[in-house]
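**Student:** One structure is given below, represented as structure tokens, and several questions about it will come after.
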Amino acid sequence: MTFNINNQNAGTINNVDGDQHVHGGQHSTVHLRQDLKQGRDALADLRSAIDACPEASADPVARHEAARIDEALGVQEPDRAVAASALERLTQRLRSIGALASAGAALVEPIRALAGWLGPLAGGVSTMLPV
């Protein structure tokens with residue numbers, strides 16, 4: 001059997017001669033440049049909202065956690081797990097200092113957008129946000 005395959009671009013590609021049996025499923029993660037841009041844009045919006053909120057901008061813990069997210073997303077291959085953990089800690093901190101209540105949607109929407117971009121890793125964030 002000879003395969004003449006041109007360009008293939010997908011998360012998982014199986015080229016087989018004959019039958020293939022997959023047990024347990026196949027999973028892959030594809031990070032597109034546009035996808036990364038969306039995450040970084042959501043982070044930029046969150047940083048702007050933190051800067052505009054007096055409680056958040058004055059809090060060293062909140063600023064530290066925002067910087068951790070920035071570091072995790074600022075590399076070629078972002079570390080979504082680190083970013084999600086920092087976002088959870090940041091959200092908890094913003095909630096505890098009253099920043100979520102005082103800033104409202106200005107903080108909540110960028111947090112929600114970034115949590116959505118991070119996916120299931122940031123699943124706990126939504127439980128901390130006001131409805």
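No lab work stands behind these numbers, since they all come straight from the coordinates. Since we're looking at a predicted model, the values are computed, not measured. Note that each Cβ is placed from the backbone with ideal geometry, even for glycine, and that neighbours are counted across all protein chains shown.
**Student:** Tally time: how many residues in segment 57-76 are among the acidic types (Asp, Glu) and over 17 Å from the mean Cα position of the chain (by Cα)?
**Tutor:** Adding up the residues that qualify gives 1.
**Student:** Could you tell me which residue of segment 89-117 is surrounded by the most Cβ atoms within 10 Å (Cβ to Cβ), considering only residues that are among the small types (Gly, Ala, Ser) and closer than 17 Å to residue 51 by Cα?
**Tutor:** Selected residue: 99.
**Student:** Next up: Take residue 86 and decide whether it is surrounded by 15 or more Cβ atoms within 10 Å (Cβ to Cβ) and touching a residue at least 24 places away in the same chain (Cβ under 8 Å).
**Tutor:** No.
**Student:** Just the residues that are part of a helix (DSSP H, G or I) and surrounded by fewer than 20 Cβ atoms within 10 Å (Cβ to Cβ), please, taken from segment 118-131.
**Tutor:** Matches in segment 118-131: 119, 120, 121, 126, 127, 128.
**Student:** Another one. What is the number of the single condition among (1) crowded, with 16+ Cβ neighbours inside 10 Å; (2) assigned to a helix (DSSP H, G or I); (3) not basic (Lys, Arg) that residue 78 does not meet?
**Tutor:** For residue 78, the exception is condition (2).
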